[in-house]
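The values are calculated or read from the model by the stated rules, or taken from the named source; none is laboratory data. Everything numeric here is computed off the predicted structure, so don't read it as measured data. Heads up, the Cβs are rebuilt from the backbone with ideal geometry, glycines too, and the neighbour counts pull from every protein chain shown. Accessible surface areas use protein heavy atoms only, side chains included; no ligands, DNA or RNA. Shrake-Rupley method; radii C 1.70, N 1.55, O 1.52, S 1.80 Å.
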Amino acid sequence: MPKDGSELSLDGSGIPMWLTLELTYRCPLHCPWCSNPLDFEKFRNELTTAEWKRVLQEGRKMGSLQLGFTGGEPMLRDDVEELVAEAESLGYYSNLITSGVGLTPDRLKTLKKNGLKQIQLSLQSSDRDITNALVGANVFDEKLAVARDIKAQGFPMVLNVPVCKQNVALTRDILELAEELQVEYIEFANIQYYNWALLNRAEFLPTREELEEAEEAVIETRQRLGNKMAIYFVIPDYYDSRPKACMNGWGAIHLTIGPDGAALPCQESRVIKGLEFPNVREHSLDWIWNQSPVFNAFRGDEWMKEPCRSCDEKEKDHGGCRCQAFLLTGDAANTDPVCSKSPMHGVIEACINETYDRHRVQRPLVFRRKGAITTEFLGTGE
């Protein structure tokens, strides 16, 4: 199975080409694969509109081009339209990443008028009951209505499907629904196992056979539709012998700003204990990107251990994902264990074996809700 969508390699020429603005961690859904921190509820001191505008201005001055407004659910902020207008005036290509909840026809019209270029809408299944069960809310019909409203306003739309064991068999049906909605792009992004998804990995990770069957449906639909709809199929790197070139390398082209102003090399990097993330309330983006210790922590290859340090593929995958290395091995400088060369690759093999274990006791999903995780589990001691 090819790692569609994970082989992209870009040279950012030393600038943060892509900014991701996590406007809020608040969200009306309870997705058990959410990328937000397990202790998301403690991040209440969100940046103001003026502070976000300053971030946009500083990023554009540095050469940033691509911009993603995300969350949580960004539409819970009442200033999204104003921020989109600011981004347009600065020359960004702006993208809204949303569950669709709260994205009314009137707000869509204003976003279009203010210069929003593209919308990425999440949809968990073609089945109403499965979708509602997976997100912990009755939103399937609202999502479909929003998809049609997006198209009515003339937006290019990416339909993002987080693939898991619960919906992988519906790939063909989901493709048919996307075709009906006249979606330009659909991305089957297998769940990446961080934060909430990591808690639920045993219940989510499909088998290789399930993924291969889904990929067959993708290939057949590509052949039938041609260029009418772009279809991306991103498999979990657990089933590959090499890690993904995560974020094109740490601090290479991506810069994420959390709701509280923390500057992050990627959306998941808060999981790495011991790192101190600079805040845009205290530092300029220029200093953060070029001089802060955290953004320089895993640039280049001096930090690498063996087998990465002497590997002839290190320029392709940069040692893999630093967050995944930390979560699965306890040290962010270790080789990403999905690599077959890693001395800790057995961690991945054990996860896959668990997926195939017919006698495994199924556990209930842990949904993204306040209080779902204890302070003892988080290790906060609070």
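Under a point spin-label approximation (7 Å from Cα along Cα-to-Cβ), what is the R360-N138 distance to one decimal in nm?
For R360 paired with N138, the spin-label model returns 3.3 nm.
At R0 = 25 Å, how high is the FRET efficiency between E180 and K109 if r is their beta carbon distance? Nearest 0.05 is fine.
Details: r = 23 Å, r/R0 = 0.94.
The value I calculate is 0.60.
Suppose each label sits 7 Å from its Cα in the direction of the beta carbon; what would the E349-K42 distance come out to in nanometres?
Here the modelled spin labels are 3.7 nm apart.
Could you tell me which trypsin sites (Lys or Arg not before Pro) in the range 274-382 are loop residues by DSSP with no more than 16 other beta carbons within 10 angstrom of their beta carbon?
When the trypsin sites (Lys or Arg not before Pro) of the range 274-382 are filtered for loop state and at most 16 Cβ neighbours within 10 Å, R281, R299, K305, R309, K341, R358, R360, R369, K370 remain.
In a GNM of the chain with a 10 Å cut-off on Cα contacts, which of L83, L275, L159 has the highest mean-square fluctuation?
Sorting by GNM fluctuation, first place goes to L275.
Sketch the reach of a paramagnetic label on L65 as a point 7 Å from Cα along Cα-to-Cβ, and name the residues of the range 111-136 whose backbone nitrogen lies under 18 Å away.
Inside the label zone: 117-118.
Lysines within cross-link reach of K61: Cα-Cα under 27 Å, excluding same-chain residues under 8 positions apart?
K53, K112, K113, K117
What is the distance, in nm, between label points placed 7 Å from the Cα along the Cα-to-Cβ direction at K228 and at A145?
2.8 nm
What relative contact order, as a whole-number percentage, does the chain give when Cα pairs under 8 Å and 6 or more residues apart are counted?
Details: 697 pairs, mean separation 79.4, N = 382.
Taking the mean separation of contacting Cα pairs over the length of the chain, I get 21 percent.
At a probe radius of 1.4 Å, what is the per-residue accessible area of Y93, in Å² to the nearest 10?
90 Å²
With charges set only on the Cβ (+1 for Lys and Arg, -1 for Asp and Glu), what does the dipole of the range 53-155 come to about its Cα centre, in debye to the nearest 20?
400 debye
Starting from the Kirkwood radius over alpha-carbon pairs of the range 203-285, derive D by Stokes-Einstein at 4 °C in a medium of 1.567 mPa s and give it in µm² s⁻¹.
Approximately 79 µm²/s, per Stokes-Einstein.
Within the chain, what percent of beta bridges assigned by DSSP are antiparallel, to the nearest 5? Please list the in-between numbers first.
Values: 3 of 35 bridges.
Of all bridge pairs located within the chain, approximately 10 percent are antiparallel.
For the range 80-144, what relative contact order do you get, as a whole percent, if you take Cα pairs closer than 8 Å and at least 6 residues apart?
Taking the mean separation of contacting Cα pairs over the length of the range 80-144, I get 35 percent.
Can you tell me the FRET efficiency between W287 and A50 if r is taken as the Cβ-Cβ distance and R0 is 25 Å, rounded to the nearest 0.05?
The calculated FRET efficiency here is 0.80.
Which loop-located GluC sites (Glu not before Pro) does the range 83-162 contain, where loop means any DSSP state but H, G, I, E or B and the Cβ has at most 10 other Cβ atoms within 10 Å?
Hits after loop and neighbour filter: nothing returned.
Which value in Å does the Kirkwood hydrodynamic radius of the range 100-216 take, with 1/r averaged over all unlike C-alpha pairs and then inverted? Numbers along the way, then the final one.
Working: mean 1/r = 0.0664 Å⁻¹.
After inverting the pairwise mean of 1/r, the radius is 15.1 Å.
Say we join alpha carbon atoms closer than 10 Å with springs in a Gaussian network model of the chain; which of E209, E179, E73 then has the biggest fluctuation?
E209
Normalised by the residues of the range 82-196, what does the relative contact order come to in percent, with Cα pairs under 8 Å and at least six apart?
Details: 158 pairs, mean separation 29.1, N = 115.
Relative contact order of the range 82-196: 25 percent.
Between their Cα atoms, which of K143/K273; K165/K228; K151/K316; K165/K314 are more than 30 Å away from each other?
The pairs that break the limit, which is 30 Å between Cα atoms, are K143/K273; K151/K316; K165/K314.
Which distance in Å, rounded to a whole number, links the C-alpha centroids of the range 203-237 and the range 17-89?
Distance between centres, Cα-based: 30 Å.
Divide by every residue of the chain the summed helix terms, -39500 (n - 2.57) for each DSSP H run of at least 4, and state the resulting mean residue ellipticity at 222 nm, rounded to the nearest 500 deg cm²/dmol.
One gets -9500 deg cm²/dmol as the mean residue ellipticity at 222 nm.
Quick check on the range 1-154: what does the Kirkwood estimate of hydrodynamic radius come out to from the alpha carbon pairs, in Å?
Roughly 16.8 Å, rounded to one decimal.
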